[in-house]
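The values are calculated or read from the model by the stated rules, or taken from the named source; none is laboratory data. Please read all numbers here as calculations on a predicted model, not as lab measurements. Cβ coordinates were reconstructed from backbone atoms using ideal geometry, including for glycine residues, and neighbour counts include every protein chain displayed.
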Amino acid sequence: MFCSQCGKNNLQTAKFCTQCGNVLLQSDSLPIVDTVAEHMDSAPISHHRNQIPIPPGIGGWSWGAFIFGWFWAVCNKTWIGLLALLPGVGFIMHIILGFKGREWAWQNDQWESVEHFQKVQRRWSQWGVGIVLLFIGFFVLMIFLSTSTTYWFNSTNTVRL
């Protein structure tokens, strides 16, 4: 039996730890799995985490999780989101993160309040949508410049007879 205070391995019948003197509890009176699960910060798959209730307004689509994928997952301790790094699975995982990401983030982190959670996730979404709009603007500008440049070269290099 291991001491909960110092970790020393003692005889199964011992009442006290031979190293620190701590009172040893019998294994049936202290389930080790439940004790460890209560103190874990963020287990990738945890029965304890899955029982955290999801308040109204937490669920829904997450643009931040969809756009940033694995980076969002690491910052929100949603380790399953690292599957977005795998070829062939990545885009599908981005979609799944978009649908389930907010719920998983709520379950995997300690938030001060629902308002705090909403504020953080809103910021992720604002950055994600902003970056997408920036890329769209860039591509529209590139298409415009490429067509106008082609027109300019064609109009100046014509030979008139």
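Would you pick out the residues in segment 114-135 that are of a type in the set (S, T, N, Q) and under 8 Å from G64 (Cα atoms)? Result: Q121, S125, Q126. Scanning segment 1-15 for residues that are without any contact (Cβ under 8 Å) to a residue 24 or more places away in the chain, out of contact with any strand residue (DSSP E or B) (no Cβ under 6 Å at 6 or more places or on another chain) and not charged (D, E, K, R) turns up C3, Q5, C6, G7, N10, L11, Q12, T13, A14.
Applying the condition of being surrounded by fewer than 20 Cβ atoms within 10 Å (Cβ to Cβ), out of contact with any Leu (no Cβ under 9 Å at 6 or more places or on another chain) and at pLDDT 90 or above to segment 67-82 and asking which residue is nearest to F135 (Cα to Cα) yields F71. Looking only at segment 118-146, filter to residues that are touching a helix residue (DSSP H, G or I) at 6+ places or on another chain (Cβ under 6 Å) and not polar (S, T, N, Q); which one of those is surrounded by the most Cβ atoms within 10 Å (Cβ to Cβ)? This residue is W124. Flag: K119 matches the condition of being at pLDDT 90 or above and either touching a Pro at 6+ places or on another chain (Cβ under 9 Å) or closer than 21 Å to G60 by Cα (or both).
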